[in-house]
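Enquirer: Attaching a single structure in structure tokens format; questions to follow.
The values are calculated or read from the model by the stated rules, or taken from the named source; none is laboratory data. Please read these numbers as outputs of a predicted model, since none were measured by experiment. Counting neighbours? That spans all protein chains shown, and the Cβs are built from the backbone with ideal geometry, glycine included.
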Number of protein chains: 2
Amino acid sequence: MEDELARLRSILAEIADLRGAEAILGWDQQTYMPAGGAEARSHQSAALARLAHERATSAELGRLLESLERSASARDPDGDEARLVQVASRDYRKAVRVPSSWVAESTRATTIAEKVWEEARSRSDFSLFRPHLDRILDLCRRYVSFFPPADHPYDVLLDNYEPGMKTAEVRAIFDALKPRQVGLIKALARRPQADDSFLHADYDGKTQWDFGVEVITRIGFDWERGRQDRSVHPFTGWPGRGDVRITTRVDPRFLNPALFGTIHEMGHALYSQGAAPSLTRTPLDDGASMAVHESQSRMWENFVGRSLPFWECFYPRLQELFPAALGKVSLEAFYGGINRVQPSLIRVEADEATYNLHIMLRMDLEIAMLEGRLSAADLPAAWNAKMEEYLGLVPPDDAQGVLQDVHWSGGMMGYFPTYALGNLMAAQLWERIGRDIPGLSDGIRRGDFSALLGWLRENIHRHGRKFMPQELMRRTTGSDLDAAPYVRYLEGKFGPVSR
Amino acid sequence: MEDELARLRSILAEIADLRGAEAILGWDQQTYMPAGGAEARSHQSAALARLAHERATSAELGRLLESLERSASARDPDGDEARLVQVASRDYRKAVRVPSSWVAESTRATTIAEKVWEEARSRSDFSLFRPHLDRILDLCRRYVSFFPPADHPYDVLLDNYEPGMKTAEVRAIFDALKPRQVGLIKALARRPQADDSFLHADYDGKTQWDFGVEVITRIGFDWERGRQDRSVHPFTGWPGRGDVRITTRVDPRFLNPALFGTIHEMGHALYSQGAAPSLTRTPLDDGASMAVHESQSRMWENFVGRSLPFWECFYPRLQELFPAALGKVSLEAFYGGINRVQPSLIRVEADEATYNLHIMLRMDLEIAMLEGRLSAADLPAAWNAKMEEYLGLVPPDDAQGVLQDVHWSGGMMGYFPTYALGNLMAAQLWERIGRDIPGLSDGIRRGDFSALLGWLRENIHRHGRKFMPQELMRRTTGSDLDAAPYVRYLEGKFGPVSR
């Protein structure tokens, strides 16, 4: 049994090494790769993905896992080894259902579709993208067909990003949440809006960058085991133990993208930097799910980074760095501005109160397409109708509507809900943290984040992917995922803001 | 036969993809990787090297090559396909001789040895490094033993960097060259030395960088298909078609490292950028040998970049950028300073007249160690004795002596001669170019490098690795590798300099 475990670890380590190499190639592609390298890179990334898939579906791996599962009762059920066998077995059983030919076809199709999507978005011409979306929908339906019938076909896609989560559960949560969010937005619309015009002013790019570095260093980003670069679309990559990379973008005429983007990505990075060393080079050295990951980034970006205590700490320094733009803006006015609520067209720029509605819209449309009730051809009209229904806005063109996100072109159907679920998890964790750390706000006000970071490390980060997301939530908060804490959070916050 | 060729290309393309991915990991390691990522990176690089070696030694590849070699007469002997089969067969026959266990052991040993070497050099303590050098010598001897007996065991090592070159040939060339170089240095030492103190002054780092970019852009570096970054040890990597990366280092108190380093690496990069597109994703998309590569970098760095016409073009601009340091230095004084000859301890800082002696010394010692005439323990004393004999200097410590180069710690025995051979090839090509392009100096003086670059592309670059280095030299210059042009070049140049 020890030999089998050692052999398992060795196979899984090689897969982790290949995935890590792939992550570096992906990071490089979005940061430093010269334009001329795109074609070679697509071959290199595809080769690594293919080799990792080969190894992740090998007969030897299957035999080892089967044998180790039989001896599972001999191991501590919460220990690394029991969980490793469990998680690796789940991964294996999913991976072997997917034929290599589908993986290869999907890689080719999405590589092309991503390029076409870029072109379509820049020309705001959905018709260019439509045939590719059709092909991707077809690939998704075939993917679903490889698995035993689920309660809903969307379950199979969702499981790739939020393991164990069911469509019906997400729907129940969203159905309870939607009327509350819509009501809140309507109520806020009737009140006077905070001024946020000062956020659009001259903000020197390098100073913005340096301030972001100052903030995340203070919070606890470990520069020995991470770095930050620029990219068009900010992201976090973790190509290997001790190497967690965030990116940001800087707009010299708008403070928010770099500031809140940097704090957001740092939230992802702290999660990765906090995994227990014993998980190194195993599939457990990852986040529990996309939603749990997003709970970390959103908590730091919004629950901390858009809170009053946080700015009581950092605002004097920010004013000092940007005297022209902020010298005459009071702390309270600044706080009001960064928390201004206003329905808008673009998801990634949406505020805390409206963000989830962007997600619900996307999930509705994905399900309708998967069920065959909505064709790709009818998607733009359906998008615009939903935007009007949920947010009272109609996009003037497809670039600001149905073409705004990269996900579908990359084949990532079932991903969007995790953003909203992440918001809910963040609120649920935040209530628990508030009970566990009585002086939390005072600490933040002093710029001391050690208690908060310590709590997250102990309860979330160190476990990596050992627990399913729902189990992790139950272990840390005592209850299942629930929308109520997020509603309480929003109402608690946005009552006072616009009063 | 067409099917076999297509299958061969597909296998070789995958190997090229893996090697390209490995190159990106190596580039990243030396440019941006945070310190904490070193351990994970060593596993990732080893995994890619192992997989590439597995594929490069597969039985299927062997069968294909054997069958395609039988049908060789049907193909144009100078065409891509004939050369592809020939080069891939040679690579295959070498690779299958080396057991995977040796590859794995060597990777582990050199990964450790490189770290120990860094430590040993920083503490100038050879005794730390000695056991690792013993182990590497043992690995080298075992490597040699995998091959049929050669004229000299060193031939087997040399062949990895300079295919087809024999130890006896290199010795004959070096034996003819050494007395001429030593005599030249002695003659120069008796004449008054040019002043080069102005090269050591305040040179703003960013301005140095920008000037380097200006120069290599003018020469023809293609930024759509390449980039430049900083690293401690400058190098050129070519992780894939359309993606050639150079690095440089900038010393704000010394002009030479960034200036000549940038031009040197650009020489390597132009070679890679100039390979024919038809060679993409094959083993032919590479340089003919390390010496041919070095002939390109040295030609641009020294034959062009340290020439008077070059500075007639660029010196006014350089003076404009650094008025404090160079405003009162005449063009002639500048030319004298950058061409000052002075025996020195460090190979990478050596001038054109003394450089090859550093190489001869290393080759002598490598051969003595391989033959068992010299033990690792006696190496520092032997090094110092040779330094005194060849250059009249004794290193004050091992950091400035036997520990200065990374090569041995990386297992790269047999590499050093290619630097000197590259100098000789550059001179031989340069004589031919002088005959083929009558107005060469005038072009350079006007900053028009198109004729020179065009010649190199046509005669060297586009062929990639299609021809063995000796064959390439014969095709381009009409004669075998020969030291006489380099001697003529040195005497032609260093006569006038110090007169």
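Enquirer: Pick from the range A:240-255 the residues that are within 30 Å of A:Asp202 (Cα to Cα) and touching a helix residue (DSSP H, G or I) at 6+ places or on another chain (Cβ under 6 Å): which of them is farthest from the other protein chains (Cβ to nearest Cβ)? Please lay out each step first, then the result.
Expert: Step one: list which residues in the range A:240-255 are within 30 Å of A:Asp202 (Cα to Cα), which gives A:245-255.
If we keep only those that are touching a helix residue (DSSP H, G or I) at 6+ places or on another chain (Cβ under 6 Å) too, we end up with A:245-246, A:248-252, A:255.
Values: A:Arg245: 8, A:Ile246: 11, A:Thr248: 15, A:Arg249: 18, A:Val250: 18, A:Asp251: 24, A:Pro252: 19, A:Leu255: 27 Å.
Within the range A:240-255, the match that is farthest from the other protein chains (Cβ to nearest Cβ) is A:Leu255.
Enquirer: Six or more apart or on different chains, Cβ atoms under 6 Å: show the pairs whose first residue is in the range B:395-415 and without any contact (Cβ under 8 Å) to a residue 60 or more places away in the chain and whose second is among the hydrophobic types (A, V, I, L, M, F, W, C) and crowded, with 19+ Cβ neighbours inside 10 Å.
Expert: Close Cβ pairs (under 6 Å, with a partner that is among the hydrophobic types (A, V, I, L, M, F, W, C) and crowded, with 19+ Cβ neighbours inside 10 Å) amount to B:Gly401/B:Trp383.
Enquirer: Still on this structure, please answer the following. Run B:Val98 past the list (1) loosely packed, with under 15 Cβ neighbours inside 10 Å; (2) part of a loop (DSSP other than H, G, I, E, B) and report the number of the one that doesn't hold.
Expert: In the conditions (1) loosely packed, with under 15 Cβ neighbours inside 10 Å; (2) part of a loop (DSSP other than H, G, I, E, B), B:Val98 misses (1) alone.
Enquirer: While we're looking at this one, here's another question. When you look at A:Arg50, is it closer than 24 Å to A:Pro99 by Cβ, modelled with pLDDT under 95 and in the same structural domain as A:Val87 (by TED's automatic domain parsing), yes or no?
Expert: On the way: closer than 24 Å to A:Pro99 by Cβ: yes; modelled with pLDDT under 95: yes; in the same structural domain as A:Val87 (by TED's automatic domain parsing): yes.
Criteria met by A:Arg50.
Enquirer: For A:Arg347, all conditions in the list (1) in contact (Cβ under 8 Å) with a residue 12 or more places away in the chain; (2) closer than 30 Å to A:Trp383 by Cβ; (3) buried (at least 19 other Cβ atoms within 10 Å of the Cβ) hold save one; what is the number of the exception?
Expert: Among (1) in contact (Cβ under 8 Å) with a residue 12 or more places away in the chain; (2) closer than 30 Å to A:Trp383 by Cβ; (3) buried (at least 19 other Cβ atoms within 10 Å of the Cβ), the lone unmet condition for A:Arg347 is (3).
Enquirer: Same structure, new question: Of the conditions (1) out of contact with any Ser or Thr (no Cβ under 8 Å at 6 or more places or on another chain); (2) modelled with pLDDT of 95 or more; (3) in a helix (DSSP H, G or I), A:Phe129 satisfies every one except a single condition; which number is it?
Expert: Every condition holds for A:Phe129 apart from (1).
Enquirer: Quick check on this structure: which one of A:Ala201, A:Ala194, A:Ala189 is more than 14 Å from every other protein chain (Cβ to nearest Cβ) and either at pLDDT 95 or above or farther than 23 Å from A:Leu393 by Cα (or both)? Break it down stepwise before answering.
Expert: Values: A:Ala194 fails: either at pLDDT 95 or above or farther than 23 Å from A:Leu393 by Cα (or both); A:Ala189 fails: either at pLDDT 95 or above or farther than 23 Å from A:Leu393 by Cα (or both).
Within the list A:Ala201, A:Ala194, A:Ala189, the selection yields A:Ala201.
Enquirer: Quick one: how many residues across the range A:139-174 are at negative phi and either outside any helix (DSSP H, G or I) or at pLDDT below 95 (or both)? Give the derivation first.
Expert: At the first step, the residues of the range A:139-174 found to be at negative phi are A:139-163, A:165-174.
Cutting the leftovers down to either outside any helix (DSSP H, G or I) or at pLDDT below 95 (or both) gives us A:146-152, A:159-163, A:165-166.
Count: 14.
Enquirer: Conditions: (1) more than 26 Å from the chain's Cα centre (by Cα); (2) farther than 21 Å from B:Cys313 by Cα; (3) assigned to a loop (DSSP other than H, G, I, E, B). B:Tyr203 meets all but one. Number of the miss?
Expert: Condition not satisfied by B:Tyr203: (2).
Here is a yes/no grid of residues against (1) among the small types (Gly, Ala, Ser); (2) under 17 Å from B:Gln208 (Cα atoms); (3) touching a helix residue (DSSP H, G or I) at 6+ places or on another chain (Cβ under 8 Å); (4) not assigned by TED's automatic domain parsing to the domain that holds B:Gly443:
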| position | (1), (2), (3), (4) |
| --- | --- |
| B:Ala258 | yes, yes, yes, no |
| B:His268 | no, no, yes, no |
| B:Ala275 | yes, no, yes, no |
| B:Ser278 | yes, no, yes, no |
| B:Leu284 | no, no, yes, no |
| B:Ala325 | yes, yes, yes, no |
| B:Ala333 | yes, no, yes, no |
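Enquirer: A further question on this structure: Of the residues A:Arg306, A:Arg298, A:Arg218, which is of a type in the set (D, E, K, R), under 27 Å from A:Asn160 (Cβ atoms) and either in contact (Cβ under 8 Å) with a residue 60 or more places away in the chain or outside the structural domain of A:Met33 (by TED's automatic domain parsing) (or both)? Explain how you work it out, then say what you get.
Expert: Working: A:Arg306 fails: under 27 Å from A:Asn160 (Cβ atoms); A:Arg218 fails: under 27 Å from A:Asn160 (Cβ atoms).
Result of the check over A:Arg306, A:Arg298, A:Arg218: A:Arg298.
Enquirer: Can you tell me which of (1) within 13 Å of chain A (Cβ to nearest Cβ); (2) of a type outside the set (Asp, Glu); (3) without any contact (Cβ under 8 Å) to a residue 40 or more places away in the chain is the one B:Gln273 doesn't meet?
Expert: Every condition holds for B:Gln273 apart from (3).
Enquirer: May I pose another question? Which ranges mark the helices (runs of 4 or more DSSP H) fully within the range B:1-89 that have 2 or more residues being within 14 Å of another protein chain (Cβ to nearest Cβ), in contact (Cβ under 8 Å) with a residue 40 or more places away in the chain and buried (at least 16 other Cβ atoms within 10 Å of the Cβ)? Don't jump to the end; show me each part of the working.
Expert: Details: elements: B:2-31, B:38-56, B:59-70.
Ranges flagged: B:2-31, B:38-56.
Enquirer: While we're on this one: Select from the range A:217-238 the residues that are out of contact with any strand residue (DSSP E or B) (no Cβ under 7 Å at 6 or more places or on another chain), at pLDDT 95 or above and not charged (D, E, K, R) and list them in ascending order. Outline the logic, then answer.
Expert: Initial filter on the range A:217-238 (out of contact with any strand residue (DSSP E or B) (no Cβ under 7 Å at 6 or more places or on another chain)): A:217-224, A:232-233.
In the following step, the residues that additionally are at pLDDT 95 or above were identified as A:217-224.
Passing the criteria: A:Thr217, A:Ile219, A:Gly220, A:Phe221, A:Trp223.
Enquirer: Another question, if that's okay. Report yes if A:Ala291 is touching a strand residue (DSSP E or B) at 6+ places or on another chain (Cβ under 6 Å), assigned to a helix (DSSP H, G or I), in contact (Cβ under 8 Å) with a residue 40 or more places away in the chain and within 29 Å of A:Ala353 (Cβ to Cβ), otherwise no.
Expert: On the way: touching a strand residue (DSSP E or B) at 6+ places or on another chain (Cβ under 6 Å): no; assigned to a helix (DSSP H, G or I): yes; in contact (Cβ under 8 Å) with a residue 40 or more places away in the chain: yes; within 29 Å of A:Ala353 (Cβ to Cβ): yes.
Here the answer is no, as A:Ala291 does not meet what is asked.
Enquirer: Also: Take the range B:186-196 and flag every residue that is part of a helix (DSSP H, G or I) and out of contact with any helix residue (DSSP H, G or I) (no Cβ under 8 Å at 6 or more places or on another chain). Reasoning before the result, please.
Expert: Restricting attention to the range B:186-196, the residues satisfying the condition of being part of a helix (DSSP H, G or I) are B:186-190.
Across the range B:186-196, the qualifying residues are B:Lys186, B:Ala187, B:Ala189, B:Arg190.
Enquirer: Of the residues in the range A:276-287, how many are over 12 Å from the mean Cα position of the chain (by Cα) and more than 14 Å from every other protein chain (Cβ to nearest Cβ)?
Expert: Initial filter on the range A:276-287 (over 12 Å from the mean Cα position of the chain (by Cα)): A:276-286.
Still in the running and more than 14 Å from every other protein chain (Cβ to nearest Cβ): A:276, A:278, A:283-284.
Of the residues in that region, 4 qualify.
Enquirer: Can you name the condition, by its number, that A:Leu284 falls short on among (1) outside any helix (DSSP H, G or I); (2) under 26 Å from A:Ala325 (Cβ atoms)?
Expert: For A:Leu284, the exception is condition (2).
Enquirer: In the list A:Ala74, A:Ala95, which residue meets the criterion of being at pLDDT below 95 and outside the structural domain of A:Gly372 (by TED's automatic domain parsing)? Quick ask: steps written out before the conclusion?
Expert: On the way: A:Ala95 fails: at pLDDT below 95.
Going through A:Ala74, A:Ala95 in turn, the sole match is A:Ala74.
Enquirer: If you take the residues of the range A:222-239 that are over 18 Å from the mean Cα position of the chain (by Cα) and within 11 Å of another protein chain (Cβ to nearest Cβ), which of them is surrounded by the most Cβ atoms within 10 Å (Cβ to Cβ)? Full working, then the answer.
Expert: Let us first name the residues in the range A:222-239 that are over 18 Å from the mean Cα position of the chain (by Cα), namely A:222-227, A:229-230.
Restricting the remaining residues to those that are within 11 Å of another protein chain (Cβ to nearest Cβ) gives A:222-227, A:229.
Details: A:Asp222: 16, A:Trp223: 13, A:Glu224: 11, A:Arg225: 19, A:Gly226: 23, A:Arg227: 19, A:Asp229: 16.
So the residue we want is A:Gly226.
Enquirer: Here is a further query. Give the range A:174-195 a look and list any residue that's surrounded by fewer than 18 Cβ atoms within 10 Å (Cβ to Cβ) and not aliphatic (A, V, I, L, M), or say none.
Expert: A:Asp175, A:Lys178, A:Pro179, A:Arg180, A:Gly183, A:Lys186, A:Arg190, A:Arg191, A:Pro192, A:Gln193, A:Asp195
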